[in-house]
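Below is one structure, written out as structure tokens; comments come after it.
The values are calculated or read from the model by the stated rules, or taken from the named source; none is laboratory data. This structure is a prediction, so every number in the text was calculated from the model and none was measured. Here the Cβ is made from the backbone with ideal geometry for all residues, glycine too, and neighbour counts use every protein chain on show.
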Amino acid sequence: MKTIHLVDDSATMLMSMEMLLKRAGYDVIKSENAEVALTMLQTATPKLIITDLNMPGMNGIELIKEIKKNSKFRFTPILMLTTESQQTKREEAKRAGATGWLVKPVEPDQLIAVVKQLVP
Amino acid sequence: MSELLDTFIGESRENLESASQELITLQTNGYDAKAVDTIFRDIHTIKGSSDLFDIKPLTRLAHASEDLLDCLRASEIPFSDELGDVLLESFDQISTFFDELEAGTHQLSQWEGVSAELAGRLRNFMNTTDAPSGNEATQPVENAVEAPAGIAAPVAALPETAANWLSSMSDTARLTLFFKSQESTRLHYFHYTPDADCFFRGEDPFNVSLATPGFITHTITRKSHVEGPEDVFLCHLDILLLSSADWDSLSSHFAYYEGQYEHTQISAEQVYQQCAPLISQILNEEEVETLAQALENEGPEQIARICNFVCASTNPDSAVWQFCAGIERLTENPAMLSAFCQCLFATPDTAQTEETPVADDVSEESIAEAAPTQPAESEGLSENALAMLKQQETVLIRLIDGRGNQGALASINLIVSRILNLDIVDRTPEDLLRVIASEGEQNDSQEAPDATDIQAPAVADTEAPVASEQAAAIDDVSASANKPVAEATQAEPAEAKPEPVSETSAKPAERQVPRTLKVNQEKIDYLMDLVGELTVAKNSLPYLARQAEEDGGSRKLSKQIKSHFTIVNRLTEELQSAVLQIRMVPVSHVFQRYPRLVRDLARKLNKKIELEMQGEDTEFDKNLIESLSEPLIHLLRNSIDHGIEAPADRLAAGKNESGCIQLIATPQDDNVVIEIRDDGKGIDPAKIKMLAYQKGVITESQLESINDEEALQLIFAPGFSTSEQVSDLSGRGVGMDAVKTMVTQAGGHIEMQSEVGKGTQFRLVLPQTMSVNRVMMFEVNEQMFGVSMDSVVETVKVRPDEIQQIKNHQVLVIRDKLVPLHDLREYLGFELQTQNVEEQSILVVNTGNGDMGLVIDKFHEGIDVIQKPLEGVMAGYSHFSGTALLGDGRVLLIVNVPELLSCR
Amino acid sequence: MPIIYKQKVAVLDGNCEVDLAEELDAWLAENPKRQLNLKSLTHAHTAIYQVMIKHGISVSVWPADDQDWHWLKVAIDSKLYDEETNP
């Protein structure tokens, strides 16, 4: 099953992305912060992880680094949610091992297009 | 209101509340960086989520607040009480927005004014030149220009890799490419060199390339420098790629891979150059001779006709065929055909024109550069300037179409005025277009006499590629769906608004790690009680429905109440079931005490015993488990005390020194089976018989007659207890019969098997949850009966004289209604009451066939019971729907009223 | 889908993910005459293609869809990994 793991401290964001992804035929699991995400990842094997940058506790980039320490996810694509102005953060994310990013507000078509590319 | 909006408002209110509190604290206690950061995050979240909904005034206000807070936390501006006040005012306003959204009374037009005003005040604190729409205004200008971020300096000659690739292509492939380039006028060439470790970033280069918009073809090539060639998880290969899409789409597609590719625009001419020898060769072929002439002199129709003819008589796999087919396609677009012809017959020099660098920098300097100090006699604008003007045209066209951000108009006015050295006047888009067009004409007319309009095809001179370049660019931009528009206008609202959650069920299937809550058990019990009460309370609804119909004359209302009753009924049942589920806990809850117990007992008795437990995760109703605890302990004690032998005895019997007791819990359908097995000495039927006889449980004759199996079952008989073997351990006189009662009361049964010398096995089968029924107890002839609370309407006591007779039936008038009465004594087969009583107790029930009154002796309270179905002989009787065990050991027969009354 | 390894042919089915590359590489290294059946292949990660190209494998059956697989044929045939042909 093609599962996508969403990490964001906003329930609204989680819900809206989940709706879009499910409609596109993907399974979705959600975590409201990095710690919970890491716990879930002990057992889950999503095909793609989408994480917000600014979250209480561990931020998105730190989360990406943590995930990449785990060899189970060495090839797993990761996207980070950023705002328009956070250019440097995107580069940092790539250096941390992310595949790419999505700029908020995320356009539904774009989200699905990118996801379909990364999770064929 | 959609579920998503609900969530958003709910979540945002919390954030708003928290932010407001923090802010107030801040004002009281003074500046605190952490607090500011917290407030920023709260508002940032609200702003982020509000983007999903098309509520511009709300987003604007949130955005302004967010920006201000960002400045604050970056220490770019000082905090002041005044600033705090305006922020609070904004938060309050946002809260009001939420209120109105929830109430459905929102009026966006009114919001606009309020929002703009507050946002303005907020931004004043920031002291930046950013007007509220500042961001948006400058953006379209930047994006209006096709700004290829990764563009390498365009080269006149093809990059070496590209040239090599093209020359290595087969003739047909090259021709295909050639015609593609004619159609698209310029192609994009990528030399994609993925990092060796790119797989570890989740990248998949070959597929990125294959999915490129406007993909024509690609080829794989070795990297110039390979690291770790043995490692399959490093990327050792590069990709050369050709695409006909526009730069916007392409740069978007490759956004994540910047730095891993080199990009070059390739013009049709450059491709032609690569194909020239081949094409000449083809044109020299006999069959194509006429075509060659036609291309030079004739019009499209004639050319097409000839091509058709040649194709019909040539091998489709040949280059000639390919060529002619391509030309024929080209004839559909006279402009392109013309351009191609020019290519063909132009001198070799002209083909090598410079690529116009597409302007990617709209800073003041570049505008100044581009805008020539124009002497009176127009020298013509520089290429850069022209290019920039053309870009503005694109945006203007969009503006006229009604798309795009109108705020861009001001910027465009500025640019155009600067370039053309005109006065900055607020021209309309149409005006601007005219201005640009006339300049274009002027320029073209000077350099290219033939070109009269911007969309003119390439003409045979140095400036031609520029015009065609731009023509293509404009075509592309206006043709390509939404990309530039999207960037300029911040996402088309219609698409951005997610649809209401219609397809997701109330509980979306999530694979989440189960999260637990610690709850006080009393709360759950209270919940159970409430559910029980609800069960009774809902019963009055059908009654009221009837009232509505009969008294109020409202059939409709009655139906509605009844249909709602069905819903409430179902919900109540589900609620009951759900609460029961809450009470499910794993048996380990109870089992965990046992190892200790066994160890202690064993030690005291100097025996060696191992306790093996299995299935501790099996779930069970908490109350049930607790009530099982005692019986289980008793059984365990029995095993330890009387079952397992002393080590010496065991050895003598050829067994292990250590005895083993197994405690196994297994789910089985709706039940849980708990087994206690030991490998002790078993129960001796003979001994049991003897004991039973001694205690008077069986008679002497029975002593002779019963067989071993029956004998074993005697241990469950009341009055039988192993008191002779009572030790202080298994004392307390809890006999096996008590165990059996407890088990039965819990709705289960107990079995036993034993073999002398081998061991004993007890098997308890219990329902996993109690299916709890609430029944009303009543007494008839000093026997207790129960009736399902669901069917009880009310209880009344009447004087005998109130009971009337109508045609041999007893009836009662209750609130002007006739309620037929039935004497349960009669129905239950008891003697009819002969004595007169002062008051008659009547239980009014309804089982779907109208009310009826049951004459009984005494009312008793309503209780929760676990209803067991009738067994054995009784099973055939439908008058009773089941039995239940009361705490005092009595059996309650639960009456099935309709059945009982229907058969006398 | 995981790759099905038979005696002389490996069948690639559906979407072949990056992890499968290691095993495929080892399997092909054991016997250069082994072939690949790509009939049901819908999608493969770069790493998988890379392994195919590295071994210059022989394809017994090409994918059933009419996508352009020419690029892969060319890449495999060019013996890109061969130092002699591609110094």
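Quick test for you: out of C:61, C:18, C:51, pick the one residue that is surrounded by fewer than 20 Cβ atoms within 10 Å (Cβ to Cβ) and either within 23 Å of residue B:210 (Cβ to Cβ) or not small (Gly, Ala, Ser) (or both).
Numbers: C:18 fails: surrounded by fewer than 20 Cβ atoms within 10 Å (Cβ to Cβ); C:51 fails: surrounded by fewer than 20 Cβ atoms within 10 Å (Cβ to Cβ).
Selected residue: C:61, the only one of C:61, C:18, C:51 that is surrounded by fewer than 20 Cβ atoms within 10 Å (Cβ to Cβ) and either within 23 Å of residue B:210 (Cβ to Cβ) or not small (Gly, Ala, Ser) (or both).
Mind checking whether some residue in the stretch B:75-85 is of a type in the set (Phe, Trp, Tyr) and within 25 Å of residue A:7 (Cα to Cα)?
Initially, the stretch B:75-85 is screened for residues of a type in the set (Phe, Trp, Tyr), giving B:79.
Imposing the further condition that a residue be within 25 Å of residue A:7 (Cα to Cα) reduces the set to none.
So far as the stretch B:75-85 goes, no, none of its residues is of a type in the set (Phe, Trp, Tyr) and within 25 Å of residue A:7 (Cα to Cα).
Residues checked against (1) touching a helix residue (DSSP H, G or I) at 6+ places or on another chain (Cβ under 8 Å); (2) more than 21 Å from residue A:11 (Cα to Cα); (3) within 12 Å of another protein chain (Cβ to nearest Cβ):
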position: B:3; (1), (2), (3): yes, no, yes
position: B:6; (1), (2), (3): no, no, yes
position: B:9; (1), (2), (3): yes, no, yes
position: B:15; (1), (2), (3): yes, no, yes
position: B:88; (1), (2), (3): yes, yes, no
position: B:101; (1), (2), (3): yes, no, no
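So which residues in the stretch B:798-826 are charged (D, E, K, R) and surrounded by 12 or more Cβ atoms within 10 Å (Cβ to Cβ), if there are any at all?
Correct list: B:802, B:817, B:823, B:825, B:826.
Scan the stretch B:10-48 for residues that are crowded, with 22+ Cβ neighbours inside 10 Å and over 18 Å from residue B:70 (Cα atoms) and jot them down.
B:12, the sole residue that qualifies.
Any residue that is closer than 23 Å to residue B:684 by Cα and not in a helix (DSSP H, G or I) - is there at least one of those in the stretch B:574-586?
To start, the set of residues in the stretch B:574-586 that are closer than 23 Å to residue B:684 by Cα comprises none.
No: zero hits.
What strands (runs of 3 or more DSSP E) lie completely within the stretch A:33-109 and have 1 or more residues being in contact with a strand residue (DSSP E or B) (Cβ under 6 Å, 6 or more places away or on another chain), at the interface with another protein chain (Cβ under 7 Å from one of its Cβ atoms) and under 30 Å from residue B:39 (Cβ atoms)? I'd like the intermediate steps shown before the answer.
Working: elements: A:48-52, A:78-83, A:100-104.
Result: A:78-83, A:100-104.
For residue B:248, which of the numbered conditions (1) away from chain A (no Cβ under 14 Å); (2) of a type in the set (D, E, K, R); (3) assigned to a helix (DSSP H, G or I) fails to hold?
If we test residue B:248 against (1) away from chain A (no Cβ under 14 Å); (2) of a type in the set (D, E, K, R); (3) assigned to a helix (DSSP H, G or I), just (1) comes out false.
Run down B:684, B:679 and say which single residue is under 59 Å from the mean Cα position of the chain (by Cα) and in contact (Cβ under 8 Å) with a residue 60 or more places away in the chain.
On the way: B:684 fails: under 59 Å from the mean Cα position of the chain (by Cα).
Of the residues listed, the single one that is under 59 Å from the mean Cα position of the chain (by Cα) and in contact (Cβ under 8 Å) with a residue 60 or more places away in the chain is B:679.
Residue B:177 is checked against (1) of a type outside the set (Val, Ile, Thr); (2) in contact with a Gly (Cβ under 6 Å, 6 or more places away or on another chain); (3) more than 14 Å from chain A (Cβ to nearest Cβ); (4) crowded, with 21+ Cβ neighbours inside 10 Å and fails just one. What number does that condition carry?
Exception for residue B:177: condition (2).
I'd like to verify a number: residues in the stretch B:275-298 that are free of Cβ contacts under 8 Å to residues at least 24 places away in the same chain and outside any helix (DSSP H, G or I), how many?
Of the residues in that region, 1 qualify.
Being of a type outside the set (A, V, I, L, M, F, W, C), surrounded by fewer than 21 Cβ atoms within 10 Å (Cβ to Cβ), in contact with a Gly (Cβ under 9 Å, 6 or more places away or on another chain) and part of a helix (DSSP H, G or I) is the filter here, so list the residues in the stretch B:251-261 that pass it.
B:251
Return yes or no: is residue B:255 of a type in the set (A, V, I, L, M) and without any contact (Cβ under 8 Å) to a residue 40 or more places away in the chain? Can you show your working first?
Working: of a type in the set (A, V, I, L, M): yes; without any contact (Cβ under 8 Å) to a residue 40 or more places away in the chain: yes.
In short, yes.
Give the residue that is farthest from residue C:75 (Cα to Cα), with candidates limited to residues of the stretch B:195-231 that are surrounded by fewer than 22 Cβ atoms within 10 Å (Cβ to Cβ) and hydrophobic (A, V, I, L, M, F, W, C).
B:200
Please work out which residue is nearest to the chain's Cα centre (by Cα), limiting yourself to the stretch B:211-245 and to residues that are assigned to a loop (DSSP other than H, G, I, E, B) and among the acidic types (Asp, Glu). Talk me through it step by step, then tell me what you get.
Going residue by residue through the stretch B:211-245, those that are assigned to a loop (DSSP other than H, G, I, E, B) are B:211-214, B:223-236, B:244-245.
The next check asks that each one be among the acidic types (Asp, Glu); those that pass are B:227, B:230-231.
Details: B:227: 42, B:230: 42, B:231: 38 Å.
Looking at residues that are assigned to a loop (DSSP other than H, G, I, E, B) and among the acidic types (Asp, Glu), I get B:231.
Out of the residues in the stretch B:604-633 that are out of contact with any strand residue (DSSP E or B) (no Cβ under 9 Å at 6 or more places or on another chain) and at pLDDT below 85, which is farthest from residue B:740 (Cα to Cα)? Give the steps one after another, and end with the answer.
Taking the stretch B:604-633 and keeping what is out of contact with any strand residue (DSSP E or B) (no Cβ under 9 Å at 6 or more places or on another chain), we get B:604-606, B:623, B:626-627, B:629-630, B:633.
When the remaining residues are screened for being at pLDDT below 85, the result is B:604, B:623, B:626-627, B:629-630.
Values: B:604: 27, B:623: 17, B:626: 15, B:627: 12, B:629: 13, B:630: 11 Å.
Checking each candidate, the answer is B:604.
Taking residue B:647 as meeting all but one of (1) touching a helix residue (DSSP H, G or I) at 6+ places or on another chain (Cβ under 6 Å); (2) crowded, with 17+ Cβ neighbours inside 10 Å, write down the number of the exception.
(1)
List, please: which pairs have Cβ atoms under 9 Å, are six or more places apart or on different chains, and start with a residue in the stretch B:226-240 that is more than 7 Å from chain C (Cβ to nearest Cβ) and farther than 17 Å from residue B:192 by Cα and end with one that is at pLDDT below 90 and in a loop (DSSP other than H, G, I, E, B)?
Pairs that qualify, where the first residue is more than 7 Å from chain C (Cβ to nearest Cβ) and farther than 17 Å from residue B:192 by Cα and the partner is at pLDDT below 90 and in a loop (DSSP other than H, G, I, E, B), are B:229/C:81.
Which helices (runs of 4 or more DSSP H) does the stretch B:319-402 wholly contain that include 3 or more residues that are modelled with pLDDT of 70 or more? Steps first, answer last, please.
Working: elements: B:319-330, B:334-345, B:348-351, B:364-370, B:383-401.
Per the criteria, B:319-330, B:334-345, B:383-401.
Within the stretch B:70-82, does at least one residue satisfy the condition of being modelled with pLDDT of 90 or more and either in the same structural domain as residue B:123 (by TED's automatic domain parsing) or surrounded by 15 or more Cβ atoms within 10 Å (Cβ to Cβ) (or both)? Reasoning before the result, please.
Step one: filter the stretch B:70-82 for residues modelled with pLDDT of 90 or more, giving none.
No, the conditions are met nowhere in the stretch B:70-82.
For the stretch C:38-48, which positions are at pLDDT 95 or above and of a type outside the set (A, V, I, L, M)?
Scanning the stretch C:38-48 gives C:45, C:46.
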